[in-house]
Amino acid sequence: MVQDSTRLNGLRAKHGRPPAGPHEPQAAPSTLRQGQPRFRGLEAGHRACQGCGEALAARIVMENAGPDVMVANATGCLEVFTTPWPQSAWRVPWMHSLFENAAAIASGMEAALKARGRNTKVLAFGGDGGTYDIGFQALSGMLERHHDVLYVCYDNEAYMNTGIQRSSSTPHAASTTTSPAGKERMGKRHLKKDLLSIIAAHHIPYAASASVAYPADLARKVRYAMGIEGPTFLVVHSPCPLGWRHASALTVEVARRAVECGLFPLVELERGALTNIMPIRTPRPVVDYLELQGRFAHLFDETDTRAIEERDHLQALADHNILTYGLAGTGDDPVDTTGIAHVRRGGPLAERT
Amino acid sequence: MTMTRLTRGAWAAPGTSLEFKTGNWRSTERPVHAHAKAPCHAACPAGEDQQAWFAKLQEGQPQQAWRALVHANPLPAITGRVCPHPCETACNRAALDGALAIHNVERWLGDEAVARGWAYPVDTPAPDAPRVAIVGAGPGGLSAAYHCVRLGLNAALFEAAPEAGGLLRSAIPPTRLPRDTLDAELGRLLALPGITLNLRARLGRDVTLDGLRDAFGAVILSPGCELPKPWSVRGAVPADLHDGLHLLRDFMDHGALPDAARGDVIVHGGGNTAMDICRIMKRAGANRVTLITASALPGPNTARDDLINVVPRELEEALEEGIEVIEHATVSRLIMKGSRVTGVEIVSLRKEPGPDGRKRRVEFEGTERVLPVDMVVPCVGEQVSPDGFEGVLDGAYFWPDDAWGRLREDGVFAIGDARGNRGTVAAAIGDGRLAAQAVAARLLGGDAPVADLRPERGVAGLNTAYYPAMRRTAVAKLPVAKRGFETEIEGGLSRAEAMAEAERCLSCGNCLACDNCWTMCPDSAVIKTVEAATDGSHYVFDLDYCKGCGLCAQECPTGYIQMVAETG
């Protein structure tokens with residue numbers, strides 16, 4: 001539509017995007033930051049903790065979704081650290097909702113834009129608390145009504161913003177303030193909710209899991225979802241150094257090990273059917289993942305037989321994922337858990353081949 | 001600061017969080033770009049920066065790679081063939097899937113430069129530029145001459161032999177270094193304007209050190225080691241003793257060995273000359289060749305300083321060809337019939353630290369055994385021929401005060417094998433470069449050269465998750481049955497193979513421009529630049545927003561990003 005391309009060009013001019021072609025004049029950026037060859041939808045200056053996995057994931061999602069997007073953001077860390085009024089780290093229209101209704105707000109935004117004949121894509125962001133638990137009903141409704149919205153859940157596996165309380169996404173045996181490890185229990189008693197299967201049961205066009213450890217894979221999934229008209233869903237594994245109690249530098253390493261051990265499978269489901277997985281080239285033992293995090297420290301008390309039992313339990317859960325989704329790789333694959341990370345001089349290897 | 005007037009219903013303008021500088025959250029550490037030495041570079045006696053020229057190859061620019069290479073070493077076609085490549089031993093990739101085939105690629109670049117006639121990146125020195133005398137046109141002297149010219153000086157070489165090349169010509173068999181390769185690369189170097197070569201000019205006979213000191217701005221001594229070290233076993237010396245270096249020279253000049261070399265031969269020593277003479281005698285028809293060495297063969301538990309000091313692939317080839325090696329042993333007695341040797345008694349040795357900290361060799365009593373032999377060839381090293389160097393030599397060698405080869409005599413420098421503790425072509429080439437730098441600083445003014453004190457980036461400093469597995473390129477070798485005295489044994493790489501091998505370089509300690517830091521910063525505090533930043537990378541840290549989490553340093557494949565203590 002002519003109207004849309006005018007709007008797109010306006011947005012490009014506003015956000016300092018590179019010109020679409022050599023014929024299109026472009027003002028020279030006045031600062032290095034303005035000249036970045038990517039869309040800066042989520043800017044610096046936000047108040048996320050050091051090494052925040054969620055901030056990283058949201059930045060990558062915005063880069064690949066923007067600039068013609070609007071965001072509905074549930075209450076949670078992401079909302080709090082990006083918008084300490086009167087400042088905002090967002091450079092797109094952005095609306096804060098309650099914990100429970102980000103999907104409902106996004107549905108309304110999408111309907112309103114549709115009514116005005118606009119093609120702007122609506123994104124809905126929420127944490128695992130706002131998605132797995134509190135906002136789940138609104139999300140289910142949005143999917144069922146088939147709104148053209150990409151819902152992204154930044155999964156850091158507990159209510160980090162309010163002080164590390166367990167959510168239904170918290171993995172089994174993780175210690176949180178409301179599931180503390182101690183005499184009675186070895187951390188959380190219950191299992192992590194298999195949200196993706198529930199989402200997929202809505203038979204929506206596309207639902208996938210991704211991880212901050214694999215930005216190239218996350219970018220591809222965002223772009224693929226952006227190209228679909230209809231409800232799409234992404235859950236992004238986003239380590240939280242504060243809540244998981246690991247060094248801030250290890251965010252990506254922790255996320256990588258979660259995928260490589262099988263505890264967080266990277267899968268894609270279309271219309272409810274499994275259509276793609278990221279194969280694990282060399283599965284790692286679950287303890288490699290657990291040992292980096294303080295929330296699992298109680299599992300390494302060798303005098304406690306329960307610790308050994310729970311480690312075995314988590315290993316069995318990871319093995320179950322590998323078996324259920326068929327994650328075991330067969331030979332080297334350029335987009336398996338090992339291959340997709342590879343770089344060469346000048347950038348990621350995968351972009352060249 | 002202007003006051004922001006806030007009203008009910010006001011909204012935050014896009015991107016205004018930039019007003020809030022999260023950089024002041026950093027409490028302990030901040031990231032910096034830290035160029036470190038790749039282990040290959042740190043290990044190279046010639047001072048080559050292999051990582052730098054592999055980077056040029058990765059960019060698809062072989063000629064630029066060669067230019068970066070000859071910035072340190074003007075003879076890559078030669079060193080690519082004869083060097084024991086400590087760079088490959090040090091290569092971080094050895095811990096992953098095998099060290100890079102650095103010497104093969106170096107050789108390919110050298111051959112490519114000769115074949116395509118790439119010009120050395122040097123300017124003609126001014127005719128009135130200071131002149132430097134260089135004694136000896138072996139690898140050290142040639143390197144010194146090249147670097148003198150590169151730095152704007154004229155160089156005059158004085159060589160006793162009728163041809164330039166030194167031990168490259170006299171002690172390295174054509175199976176390792178074909179003569180046309182040697183002639184081609186030396187010819188290109190010697191044709192550089194600013195270098196004059198005086199052949200058949202022996203110090204002490206045709207020229208004198210004092211004469212050179214009077215006529216030239218500086219003198220670089222690179223005479224090499226011509227004399228075999230004296231060898232005897234508890235005072236006994238066979239009447240028909242031939243030392244290894246002379247046997248090798250005679251064989252390369254006349255193609256003949258003494259008759260006794262057809263029987264059982266023992267070679268006593270542990271260097272490349274010993275290895276070469278073993279192999280030549282075996283191929284020339286010796287019944288059995290045994291090398292007796294005090295050092296050890298490479299094994300999983302061999303200490304670095306105990307390892308036999310030969311080119312590793314030469315040792316492999318020698319074992320393929322049926323050379324027997326008795327490690328950790330020495331000759332303890334000669335069994336004579338009249339003045340001829342009929343057998344040797346050997347005894348096992350162990351190296352153990354002595355009271356002064358240096359390793360000393362201890363004989364094990366009761367391990368003596370006797371081998372019947374027809375010939376014993378000592379190859380225990382060489383020393384400087386003292387003619388013309390009276391008063392300058394300290395014992396058998398020169399012992400300069402520093403890495404640049406400065407001797408006590410003002411304006412006189414000593415380099416190469418004559419420095420007693422050198423012993424490789426690459427070391428001589430490196431010495432030549434350093435001495436030329438010191439000479440240039442002396443004659444042209446400017447700061448004296450300083451040592452490169454950058455740290456070395458070992459494999460523990462890399463994040464190897466980001467490197468694809470790639471097997472080392474194997475090169476063809478002449479089968480044992482076809483090995484003679486002329487045809488080169490090790491084959492070369494094709495262009496495609498060399499470029500593929502270059503892709504394996506990990507770029508240790510230097511930016512790979514992989515975008516990891518830019519992609520993985522949660523705070524958008526890494527800024528990418530189109531032009532190279534001042535430190536040579538394509539990224540700058542925006543410390544206004546960097547919170548110091550250390551993620552970029554952790555995920556940097558090459559260890560180029562380091563966290564350092566916050567100051568102030």
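Of the helices (runs of 4 or more DSSP H) that lie entirely inside the range B:484-568, those containing 2 or more residues that are within 7 Å of chain A (Cβ to nearest Cβ) and under 25 Å from B:Phe54 (Cβ atoms) span B:516-520, B:551-555.
Just so you know, in the range A:91-108 the residues that are within 14 Å of chain B (Cβ to nearest Cβ) and either aliphatic (A, V, I, L, M) or over 25 Å from A:Gly243 (Cα atoms) (or both) include one that is least open to solvent (accessible area, probe 1.4 Å), and it is A:Val92.
Okay, residues lined up against (1) of a type in the set (Phe, Trp, Tyr); (2) within 14 Å of another protein chain (Cβ to nearest Cβ); (3) under 30 Å from A:Val335 (Cβ atoms):
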position	(1), (2), (3)
B:Gly391	no, no, no
B:Gly395	no, no, no
B:Trp404	yes, no, no
B:Ala474	no, no, yes
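Those strands (runs of 3 or more DSSP E) of the range B:334-416 in which at least 3 residues are assigned by TED's automatic domain parsing to the domain that holds B:Gly263 and either over 30 Å from B:Cys148 (Cα atoms) or in contact (Cβ under 8 Å) with a residue 40 or more places away in the chain (or both), considering only elements entirely within it, cover B:340-353, B:359-363, B:369-372, B:375-379. Could you list, in sequence order, all residues of the range B:140-171 that are modelled with pLDDT of 90 or more and part of a loop (DSSP other than H, G, I, E, B)? Listed by number, the residues that qualify are B:Leu151, B:Gly152, B:Leu153, B:Glu159, B:Ala160, B:Ala161, B:Pro162, B:Glu163, B:Ala164, B:Gly165, B:Gly166. Residue count for the range B:284-326 satisfying the condition of being within 22 Å of B:Val425 (Cα to Cα), assigned to a helix (DSSP H, G or I) and without any contact (Cβ under 8 Å) to a residue 24 or more places away in the chain: 2.
Among the residues examined, A:Ser88 qualifies as free of Cβ contacts under 8 Å to residues at least 40 places away in the same chain, over 23 Å from A:Thr232 (Cα atoms), within 14 Å of chain B (Cβ to nearest Cβ) and among the hydroxyl-bearing types (Ser, Thr, Tyr). Summed over the range A:214-249, residues that are open to solvent by less than 10 Å² (accessible area, probe 1.4 Å) and either within 14 Å of chain B (Cβ to nearest Cβ) or over 22 Å from A:Val69 (Cα atoms) (or both) total 10.
Within the range A:225-236, residues that are among the small types (Gly, Ala, Ser) sit with their Cβ atoms under 6 Å from residues that are part of a strand (DSSP E or B), at 6+ positions apart or across chains, in these pairs: A:Ala225/A:Leu150; A:Ala225/A:Tyr206; A:Ala225/A:Thr232. In summary, B:Gly194 fulfils each of the numbered conditions (1) crowded, with 22+ Cβ neighbours inside 10 Å; (2) touching a helix residue (DSSP H, G or I) at 6+ places or on another chain (Cβ under 7 Å); (3) under 24 Å from B:Gly423 (Cα atoms) with the single exception of condition (3).
Scan the range B:64-80 and give yes if some residue there is surrounded by fewer than 18 Cβ atoms within 10 Å (Cβ to Cβ) and assigned to a helix (DSSP H, G or I), otherwise no. For the range B:64-80, residues surrounded by fewer than 18 Cβ atoms within 10 Å (Cβ to Cβ) and assigned to a helix (DSSP H, G or I): present.
Per the listing A:Val254, A:Val152, the residue uniquely open to solvent by less than 10 Å² (accessible area, probe 1.4 Å) and under 12 Å from the mean Cα position of the chain (by Cα) is A:Val152. The residues of the range A:71-81 that are over 16 Å from the mean Cα position of the chain (by Cα) and within 12 Å of another protein chain (Cβ to nearest Cβ) amount to a single one, A:Phe81.
The values are calculated or read from the model by the stated rules, or taken from the named source; none is laboratory data. Everything quoted here is computed from the prediction, not taken from an experiment. Every residue, glycine among them, receives a Cβ derived from its backbone with ideal geometry; neighbour counts consider all protein chains shown. Protein only, heavy atoms only, side chains kept; ligands, DNA and RNA dropped before computing areas. Shrake-Rupley method; radii C 1.70, N 1.55, O 1.52, S 1.80 Å.
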